[in-house]
1. Is it fair to say Gly51 is surrounded by 20 or more Cβ atoms within 10 Å (Cβ to Cβ), within 16 Å of ligand 2 (Cβ to nearest atom), under 28 Å from the mean Cα position of the chain (by Cα) and under 16 Å from Ile188 (Cβ atoms)?
2. May I ask you to verify whether Thr44 is modelled with pLDDT of 95 or more, in a strand (DSSP E or B) and in the same structural domain as Met200 (by TED's automatic domain parsing)?
3. So for the range 276-291 (the condition being in a loop (DSSP other than H, G, I, E, B) and within 24 Å of Thr356 (Cα to Cα)), does at least one residue qualify?
4. Pairs needed: first member in the range 323-347, more than 13 Å from Ala297 (Cβ to Cβ); second member anywhere, hydrophobic (A, V, I, L, M, F, W, C) and modelled with pLDDT of 95 or more; C-beta distance under 6 Å; at least 6 residues apart or different chains.
5. Does any residue in the range 147-171 that is farther than 16 Å from Val190 by Cβ come within less than 8 Å, Cβ to Cβ, of a residue that is within 16 Å of ligand 1 (Cβ to nearest atom) six or more places away or on a different chain, and which pairs are these?
6. If a residue has to be of a type in the set (Gly, Ala, Ser) and in contact (Cβ under 8 Å) with a residue 40 or more places away in the chain to count, how many in the range 209-253 make the cut?
7. Taking the range 190-213 as the search range and keeping residues that are more than 16 Å from ligand 1 (Cβ to nearest atom) and of a type outside the set (Ser, Thr, Tyr), which one is farthest from the chain's Cα centre (by Cα)?
8. Name the residue, out of Ile49, Ile55, Ile62, that is at pLDDT 95 or above, within 17 Å of Ile6 (Cα to Cα) and in contact with a helix residue (DSSP H, G or I) (Cβ under 6 Å, 6 or more places away or on another chain).
Amino acid sequence: MATVTIDKARKAYGALEVLHGVSAEIADGEFVVLVGPSGCGKSTLLRMIAGLEDITGGTISIGGRVVNNLPPKERDISMVFQNYALYPHMTVAENMAFSLTLAGAAKEEKQKRVAHAAQILGLTELLGRYPRQLSGGQRQRVAMGRSIVRDPQVFLFDEPLSNLDAKLRVAMRAEIKSLHRRLATTTIYVTHDQVEAMTMADRIVVMNSAHIEQIGKPLELYDNPQSTFVAAFIGSPAMNLLNGRFDTDGGKPVFKTNEGILLPLPDNAPRVSGVEGVYGIRPEYFTLSPANTGIPARVVVVEPLGSETHITATVGGQTIVTVFHDRLNIEPEETIWLQPRTERICLFDAGGRRLTEKAVERNLQHS
Ligand SMILES: Nc1ncnc2c1ncn2[C@@H]1O[C@H](COP(=O)(O)OP(=O)(O)OP(=O)(O)O)[C@@H](O)[C@H]1O
Ligand SMILES: [Mg+2]
């Protein structure tokens, strides 16, 4: 087991800069998920840690040792890829032992390690089978078994579940987590699926076009996104983000949408006028209020999911989604009235950065 320290790591392909100096400190035994949209640089960063890509600038250290110039096999890491091709002509046991065979391990040692990994992964009964005789989930476990037998300091996973169907993905997610609980090996896991990130990670690193937006525990990111990007990326349905400006109404702070609809702010919000910004509120933080009180919203779609009802509506011209844990008798075209839980509101500046109350005041002084 080991810490992984990424210090201002840069990657460029010629003139194309695909990582602009990213830094993150991953603790010994931690399960960290790198998440972000396609092309933001997740695989590139993982491959730099693995030693499969040169590091253009900065340093990467594993267990306190800078590995920039070490070949992959000397880094004591093990990587599981999205396309984890198993050798079709080898049994499960042979597939799992393959890296040990290459390393010239003794037969007894190989058997011992394969038996141990097979037991952890529930593959003991399947050791004599060939890959074509396995289900997708079993094959995925064999691919992980190949990593476990090497007992590395760090596991690296690049979207290992994306080839599986939805149900199997959920099951494998739980298996990888429980595997991590037993082995406690430092793990860096790449996905573009925010649900996978939320459910698996000790901490999440949210990436966006070549840089890190925010690092934090899943619920820290959910409750306190530092940018509209993180606010919209983490959580489903996404946080509602309404554009407008800060204002006051009868001495009370309010937010006025671009269409002139007044949205309440907490009483302790700064009393400023004219500063542009973004009003963020998650779908579950609304309650229905009596007609002509609160925010008027015109219903577009009602989705009864059984345990929840999702309502898509427009406030002024801007679309919002609300989630209620009741079955509601609401129809499209109706106007409903909403009360946001003001203590849950997240405010951002016009550039999408999270605003503290102080920052709103500072902004006003400058304008
Ligand atoms: N060998 C290469 N030469 C030039 N550009 C590359 C090369 N490899 C990757 N890139 C570019 O680097 C950027 C980051 O790619 P990367 O594979 O790290 O993205 P990703 O976040 O893993 O995306 P995805 O979720 O689609 O797998 C992309 O814009 C990609 O086109
Ligand atoms: Mg990738």
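1. Spelling it out, it is not the case that Gly51 is surrounded by 20 or more Cβ atoms within 10 Å (Cβ to Cβ), within 16 Å of ligand 2 (Cβ to nearest atom), under 28 Å from the mean Cα position of the chain (by Cα) and under 16 Å from Ile188 (Cβ atoms).
2. Numbers: modelled with pLDDT of 95 or more: yes; in a strand (DSSP E or B): no; in the same structural domain as Met200 (by TED's automatic domain parsing): yes.
No, not satisfied.
3. The initial filter retains those residues of the range 276-291 that are in a loop (DSSP other than H, G, I, E, B), namely 282, 289-291.
Of the ones still in play, those that are also within 24 Å of Thr356 (Cα to Cα) are 282.
Scanning the range 276-291 turns up at least one residue that is in a loop (DSSP other than H, G, I, E, B) and within 24 Å of Thr356 (Cα to Cα).
4. Ile345/Ile281
5. Leu168/Leu161
6. First, pick out the residues of the range 209-253 that are of a type in the set (Gly, Ala, Ser): 209-210, 216, 227, 231-232, 235-236, 238, 244, 250-251.
When the remaining residues are screened for being in contact (Cβ under 8 Å) with a residue 40 or more places away in the chain, the result is 209-210, 227, 231, 235-236, 238.
Looking only at that region, the number is 7.
7. Narrowing the range 190-213 to residues more than 16 Å from ligand 1 (Cβ to nearest atom): 198-203.
From the residues that got through so far, the ones that are of a type outside the set (Ser, Thr, Tyr) too are 198, 200-203.
Details: Met198: 6, Met200: 9, Ala201: 8, Asp202: 11, Arg203: 9 Å.
So, considering only residues that are more than 16 Å from ligand 1 (Cβ to nearest atom) and of a type outside the set (Ser, Thr, Tyr), the one farthest from the chain's Cα centre (by Cα) is Asp202.
8. Numbers: Ile49 fails: in contact with a helix residue (DSSP H, G or I) (Cβ under 6 Å, 6 or more places away or on another chain); Ile62 fails: in contact with a helix residue (DSSP H, G or I) (Cβ under 6 Å, 6 or more places away or on another chain).
Ile55 is the lone residue from the list that is at pLDDT 95 or above, within 17 Å of Ile6 (Cα to Cα) and in contact with a helix residue (DSSP H, G or I) (Cβ under 6 Å, 6 or more places away or on another chain).
The values are calculated or read from the model by the stated rules, or taken from the named source; none is laboratory data. Because the structure is a prediction, the values reported are computed rather than measured. Positions of Cβ are backbone-derived with ideal geometry, glycine not excepted, and every protein chain shown enters the neighbour counts.
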